[in-house]
């Protein structure tokens, strides 16, 4: 059986990292690379606020090539659709057959991705789809995944959560109604270790800033 070539959307966080782990256990597919969308103004992953150099360290630890896509800031939906449409068309021309995403249960997000792929010849994959968040979080932590909260929605969580390690202790402290995996945008993470990496990435928590209703923690890779 010929394995389908898959490109994985890489946010730098725990869900995309776990999606990579699961995809690599699927004999029907072969993950051939990662792609990340960056804010061109800050040269960081939007919402996760991940530095480009940390992204490269993650890709190196995963043993995969990384392609970055830069969006202007501010960026309209039309601009975003145009940039992503060009990227998807280019991937199809290179023989990519599937694109995978770490979404859990948001139907509108899944629908948007499926619309982006429609008619391109590329099939969207959602390896985490429908998994209960609490069980998924437990599985990640039990497997040794290490992640830090790089941003939190201050309407849902206090600033003190920013920069903390995503752990059993932190999950027990989450207010009622906050998804353990932050699927509703309550929190975003940056992964530093786990079964998807050949070796852990040393990081330190830098400055924490508040902007537009969110608190962002700078997760800084320690120089090698």
The correct count of residues that are more than 16 Å from the chain's Cα centre (by Cα), under 15 Å from residue 215 (Cβ atoms) and in contact (Cβ under 8 Å) with a residue 12 or more places away in the chain in the range 133-159 is 6
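Those residues that are loosely packed, with under 15 Cβ neighbours inside 10 Å and touching a residue at least 60 places away in the same chain (Cβ under 8 Å), I need them from the range 196-223; list them, please. Don't jump to the end; show me each part of the working.
Of all residues in the range 196-223, those loosely packed, with under 15 Cβ neighbours inside 10 Å come to 198-200, 202, 204, 206-207, 209-213, 222-223.
Hits for the range 196-223 are 198, 199, 200, 213.
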Of the candidates 193, 162, the one satisfying the condition of being crowded, with 21+ Cβ neighbours inside 10 Å and under 18 Å from the mean Cα position of the chain (by Cα) is 162
Can you tell me which residue is surrounded by the most Cβ atoms within 10 Å (Cβ to Cβ) among those in the range 39-84 that are touching a residue at least 60 places away in the same chain (Cβ under 8 Å) and part of a helix (DSSP H, G or I)? 58
Is it true that residue 36 is outside the structural domain of residue 201 (by TED's automatic domain parsing), in contact with a helix residue (DSSP H, G or I) (Cβ under 9 Å, 6 or more places away or on another chain) and in contact (Cβ under 8 Å) with a residue 24 or more places away in the chain? yes
From (1) buried (at least 17 other Cβ atoms within 10 Å of the Cβ); (2) out of contact with any helix residue (DSSP H, G or I) (no Cβ under 8 Å at 6 or more places or on another chain); (3) in a loop (DSSP other than H, G, I, E, B), pick out the condition that doesn't hold for residue 104. (2)
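Does residue 28 count as within 24 Å of residue 198 (Cβ to Cβ) and either surrounded by 16 or more Cβ atoms within 10 Å (Cβ to Cβ) or within 16 Å of the chain's Cα centre (by Cα) (or both)?
Working: within 24 Å of residue 198 (Cβ to Cβ): yes; either surrounded by 16 or more Cβ atoms within 10 Å (Cβ to Cβ) or within 16 Å of the chain's Cα centre (by Cα) (or both): no.
It is false that residue 28 is within 24 Å of residue 198 (Cβ to Cβ) and either surrounded by 16 or more Cβ atoms within 10 Å (Cβ to Cβ) or within 16 Å of the chain's Cα centre (by Cα) (or both).
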Going through the range 85-97 in order, the residues found to be assigned to a loop (DSSP other than H, G, I, E, B) and surrounded by 12 or more Cβ atoms within 10 Å (Cβ to Cβ) are 96, 97
Yes or no: residue 19 crowded, with 19+ Cβ neighbours inside 10 Å, in contact with a strand residue (DSSP E or B) (Cβ under 8 Å, 6 or more places away or on another chain), assigned by TED's automatic domain parsing to the domain that holds residue 76 and modelled with pLDDT of 90 or more? yes
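The values are calculated or read from the model by the stated rules, or taken from the named source; none is laboratory data. What you are looking at is a predicted structure, and each value in this text was computed from that prediction instead of being measured. Backbone-built Cβ (ideal geometry, glycine too); neighbour counts: all protein chains shown.
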